[in-house]
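The values are calculated or read from the model by the stated rules, or taken from the named source; none is laboratory data. What you are looking at is a predicted structure, and each value in this text was computed from that prediction instead of being measured. A quick note on method: Cβ atoms are made from the backbone with ideal geometry, for glycine too, and the neighbour counts reach across all protein chains shown.
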Amino acid sequence: MFELHHLSAQEQWAWLRRGDITPLDLARHYLERIARLDGELGAFVTVTTDAALRRAGHLEATASRTAPLWGLPFADKDLTARAGVTMGSGSRLMAGYVPRESDELARAFDAAGAVSLGKTSTPEFGLSSYTESAVGPPARNPYDLSLGAGGSSGGAAVAVAAGLLPFAPGTDGGGSVRIPAAATGLVGLKPSRGLVPSGTGIDKLAGLVVPGPLARTVADAAMVLDALVEGIPNPFTLRAPRWDGGALLNAAARGEGRFQIGVMSTSPWDDAYDVVVAPEASTAVDVAVRELDAMGHGLEAMALEPDPTYAPAFRTIWQAGAAGIPAEGEQLDLLEPLTRWLVERGRSLSARQLAEALAALSLFERSIIRQFSGYDAVLTPATALTPRPVGWYDQRDAERNFAQQVLYTPFTSFANVTGLPAITLPVHATENGVPMGVQLIGRPGGEHVLLSIGAQLERRLYWQRRHPAMW
């Protein structure tokens, strides 16, 4: 039986503009699904039913239907402040906190005409690549509820994969959009540093964190990113601000071009950890290579130049980034072991250690851009392992926990360090139907190439037709 969530986000927007459905119709549909299904999924930490219905009704009465996301439901990740809505950041430390002002990212979605239905779950302060916290149930993979959904945008990924939202924003500081997208069969896009005005990354330590969309199709991801980029003045943006109907969406819709693609199975963590790529992850790469070759793309095996500075420098920056979490004295006891370890390590760093780490990552960035310069895109596994079981990560030994995260996700963080755009694509599924993805990393400002290649693969593999049981 047909239901509204079976439509792509683009199709839903077209129905809204024609008047076939209203923003209220769509909001009520998704709110009903959230109420009925989310209890076993853990996608949401807060559902703002009344506010969502008021917003949808207001849009029907007053807003222009030409807004790029007019009437489409979404949800804020619970690291994004929205005025008047509880913001827990996945932590006991933040219990009861209600911000008075919205973050720029929330305001950008409002300006695009979207309707927030609430907050999606995240691990404590978004610091891990899995979404299990002490303040709520874990975000469970809709394809197998015994498995996790990755992180830190795990709740956002679950909501989209299970048909509780047409798309969702995440934030990505080391893979936090791409990892859960890969685990749940979605397209996850991390834009270039500086591209999105409401989250350039330039103001963050080492420029790691940027927002990006999780969606079921390449075109839906492009539509959301266009809405965040176009027509918004920003001195740091990589392109002149304009609204021309969606330059990135046009690239995704056309899906044209033949490109030179490097195929890489090494990672920058290999010098520090015993990274092993599981057969399922290798098969996903093989599937992508087979299809890309059949379409006439140039393919060349490549490997990263060894660089023993990457792992210690990234660890230092990750720890330094946690040092500013507002916990003092007895408040530290409210933090989970991994977070507390990161905070305490970060606060023990000297200015010299921080400066040396930043310098090492800057040199690493230049090295990677040089190594990738001969390719339009570089293909890697999205994750080294299949989605991890709920409870797999060690909650007592923080050092081992960090190592487990590296072993699952060794291919994502260096795209943040280098500021390069990267997209994960759900090209494969295991024998048990669990999604497995690949990652494409582009040149600076090369989102259009990633979207073009992704659209070509999507037309051949039809991953948008693959859904979990509750669909």
*Taking the residues in region 45-54 that are assigned to a helix (DSSP H, G or I) and in contact with a Ser or Thr (Cβ under 8 Å, 6 or more places away or on another chain) as candidates, determine which candidate is farthest from GLY148 (Cα to Cα).*
ALA51
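Conditions tested, residue by residue: (1) among the polar types (S, T, N, Q); (2) in contact with a Lys or Arg (Cβ under 6 Å, 6 or more places away or on another chain).
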| position | (1), (2) |
| --- | --- |
| GLN260 | yes, no |
| ASP270 | no, no |
| VAL276 | no, no |
| PRO279 | no, no |
| GLU291 | no, yes |
| ASP307 | no, no |
| ALA311 | no, no |
| GLY321 | no, no |
*Across region 230-253, which residue is nearest to VAL177 (Cα to Cα) among those that are at pLDDT 95 or above and out of contact with any Asp or Glu (no Cβ under 6 Å at 6 or more places or on another chain)?*
ALA252
*Please verify whether region 446-466 includes one or more residues that are among the hydroxyl-bearing types (Ser, Thr, Tyr), crowded, with 19+ Cβ neighbours inside 10 Å and under 28 Å from ARG388 (Cα atoms).*
no
*Is it true that LEU147 is crowded, with 21+ Cβ neighbours inside 10 Å, at pLDDT 95 or above and more than 17 Å from ALA215 (Cβ to Cβ)?*
yes
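To keep it simple, each residue is scored yes or no on (1) in contact with a strand residue (DSSP E or B) (Cβ under 9 Å, 6 or more places away or on another chain); (2) surrounded by fewer than 20 Cβ atoms within 10 Å (Cβ to Cβ); (3) closer than 20 Å to SER176 by Cβ; (4) among the aromatic types (Phe, Trp, Tyr).
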{"residue": "PHE372", "(1), (2), (3), (4)": "yes, no, no, yes"}
{"residue": "ASP376", "(1), (2), (3), (4)": "yes, no, no, no"}
{"residue": "PRO387", "(1), (2), (3), (4)": "yes, no, yes, no"}
{"residue": "GLN395", "(1), (2), (3), (4)": "no, yes, yes, no"}
{"residue": "GLU399", "(1), (2), (3), (4)": "no, yes, no, no"}
{"residue": "ALA403", "(1), (2), (3), (4)": "no, yes, yes, no"}
{"residue": "LEU407", "(1), (2), (3), (4)": "no, yes, yes, no"}
{"residue": "VAL417", "(1), (2), (3), (4)": "no, no, yes, no"}
*For region 111-121, how many residues are buried (at least 24 other Cβ atoms within 10 Å of the Cβ) and touching a helix residue (DSSP H, G or I) at 6+ places or on another chain (Cβ under 6 Å)?*
4
*Which ones in region 324-346 are in contact (Cβ under 8 Å) with a residue 40 or more places away in the chain and small (Gly, Ala, Ser)?*
ALA327
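Quick grid of which residues meet (1) charged (D, E, K, R); (2) closer than 27 Å to ASP270 by Cβ; (3) at pLDDT 95 or above; (4) assigned to a strand (DSSP E or B):
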| position | (1), (2), (3), (4) |
| --- | --- |
| GLY296 | no, no, yes, no |
| ALA313 | no, yes, yes, no |
| ILE317 | no, yes, yes, no |
| ALA320 | no, yes, yes, no |
| ILE325 | no, no, yes, no |
| ARG340 | yes, no, yes, no |
| GLU344 | yes, no, yes, no |
*Counted residues, region 389-421 - those being of a type in the set (A, V, I, L, M, F, W, C) and touching a Pro at 6+ places or on another chain (Cβ under 9 Å)*: 7
*Could you figure out which of (1) within 30 Å of GLU330 (Cα to Cα); (2) buried (at least 23 other Cβ atoms within 10 Å of the Cβ); (3) not small (Gly, Ala, Ser) isn't true of VAL160?*
(1)
*Tally the residues that are part of a helix (DSSP H, G or I), surrounded by 24 or more Cβ atoms within 10 Å (Cβ to Cβ) and more than 8 Å from the chain's Cα centre (by Cα), restricting the search to region 165-198.*
2
*State all residues of region 125-148 that are among the β-branched types (Val, Ile, Thr) and either out of contact with any strand residue (DSSP E or B) (no Cβ under 7 Å at 6 or more places or on another chain) or free of Cβ contacts under 8 Å to residues at least 40 places away in the same chain (or both); if no residue qualifies, say none.*
VAL135
*Hits in region 44-98 (condition: touching a Phe, Trp or Tyr at 6+ places or on another chain (Cβ under 7 Å) and at positive phi)*: SER89, GLY90
*Would you please name the residue that is surrounded by the most Cβ atoms within 10 Å (Cβ to Cβ), looking only at residues in region 13-44 that are free of Cβ contacts under 8 Å to residues at least 40 places away in the same chain, assigned to a helix (DSSP H, G or I) and among the charged types (D, E, K, R)?*
ARG28
*Answer from GLU256, GLU291, GLU280 - the residue that is at pLDDT 95 or above, closer than 30 Å to LEU165 by Cβ and surrounded by fewer than 14 Cβ atoms within 10 Å (Cβ to Cβ)*: GLU256
_Restricting to region 79-120, name every residue that is farther than 14 Å from SER198 by Cα and not in a loop (DSSP other than H, G, I, E, B)._
ARG92, LEU93, MET94, VAL115, SER116, LEU117, GLY118, LYS119, THR120
_Pairs where the first residue, in region 112-124, is under 12 Å from THR48 (Cβ atoms) and of a type in the set (A, V, I, L, M) and the second is at pLDDT 95 or above and assigned to a strand (DSSP E or B), C-beta under 7 Å, 6+ apart_ = VAL115/PRO73; LEU117/VAL47; LEU117/PRO73; LEU117/ALA75
*With the condition kept exactly as written, say whether any residue in region 419-427 is β-branched (Val, Ile, Thr) and part of a helix (DSSP H, G or I).*
no
_Condition first: under 19 Å from ASP307 (Cβ atoms), part of a loop (DSSP other than H, G, I, E, B) and touching a Ser or Thr at 6+ places or on another chain (Cβ under 9 Å). Can you find one or more residues in region 400-410 that meet it?_
yes
*State which residue is surrounded by the most Cβ atoms within 10 Å (Cβ to Cβ) when the search covers only region 76-101 and only residues that are closer than 17 Å to GLY170 by Cβ and in contact with a helix residue (DSSP H, G or I) (Cβ under 6 Å, 6 or more places away or on another chain).*
GLY90
*Hey, does region 149-164 have a residue that's touching a residue at least 40 places away in the same chain (Cβ under 8 Å), in contact with a strand residue (DSSP E or B) (Cβ under 8 Å, 6 or more places away or on another chain) and assigned to a strand (DSSP E or B)?*
no
